[in-house]
């Protein structure tokens, strides 16, 4: 929440001439409701089901199109074990005749004080109730975020965040974590002090 996933994801995709997909936008389109309305009317468990379904579809579409994609995940997406498994599995897949090598999850890490300052002015954050509950949610999600393949500090200008991601060197050599090697591109998933993703 508030780490800049959509902004950074769009800038990164534009810089790389990759396709950009926002998971929250897919969820809203599928449900015909805004995220806050889904939480209010259907509850968080229904939201998580739609989120997981849309993540499966987004990953499948990216693989089917064989098109490099930056996929911005929602703040809680990577904190759901079934989604972590799905993202890890997509990283390992290599389809015959395709250039992609899977995907990488990039954690857009941002100090909680900066996140609080950003989120307090946003009306479309269904899980942002007050500072105490936000801090608790952040602490619950942090161990998941720390499992991301890569980390970028997202507390500054979004263009600098994109530069950090590019400096990781994951685009030119593939997006496997540093202990693996490849010469072909993959995919990146951009997330928040929430984790996110890049896909190629």
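The table below lists the values:
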| quantity | calculated |
| --- | --- |
| Qualifying positions in the stretch 8-30 - closer than 23 Å to residue 151 by Cα, in a helix (DSSP H, G or I) and either without any contact (Cβ under 8 Å) to a residue 12 or more places away in the chain or touching a strand residue (DSSP E or B) at 6+ places or on another chain (Cβ under 7 Å) (or both) | 8, 9, 10, 12, 13, 14, 23 |
| Residue 125 being in contact with a helix residue (DSSP H, G or I) (Cβ under 9 Å, 6 or more places away or on another chain), part of a helix (DSSP H, G or I) and either modelled with pLDDT of 90 or more or within 18 Å of residue 72 (Cα to Cα) (or both) | no |
| Some residue of the stretch 92-102 being part of a helix (DSSP H, G or I) and either surrounded by fewer than 24 Cβ atoms within 10 Å (Cβ to Cβ) or at pLDDT below 90 (or both) | yes |
| Failed item, numbered, when residue 33 is tested on (1) touching a residue at least 12 places away in the same chain (Cβ under 8 Å); (2) not in a helix (DSSP H, G or I) | (1) |
| Which numbered condition residue 24 fails, given (1) within 16 Å of residue 171 (Cβ to Cβ); (2) surrounded by 18 or more Cβ atoms within 10 Å (Cβ to Cβ) | (1) |
| Hits in the stretch 149-181 - residues which are at pLDDT 90 or above, in contact with a strand residue (DSSP E or B) (Cβ under 7 Å, 6 or more places away or on another chain) and either within 19 Å of residue 111 (Cβ to Cβ) or not in a loop (DSSP other than H, G, I, E, B) (or both) | 150, 151, 152, 153, 161, 164, 165 |
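The values are calculated or read from the model by the stated rules, or taken from the named source; none is laboratory data. Note that this is a predicted model, so its numbers are computed, not measured. Positions of Cβ are generated from backbone atoms using ideal geometry, with glycine treated the same way; all protein chains shown enter the neighbour counts.
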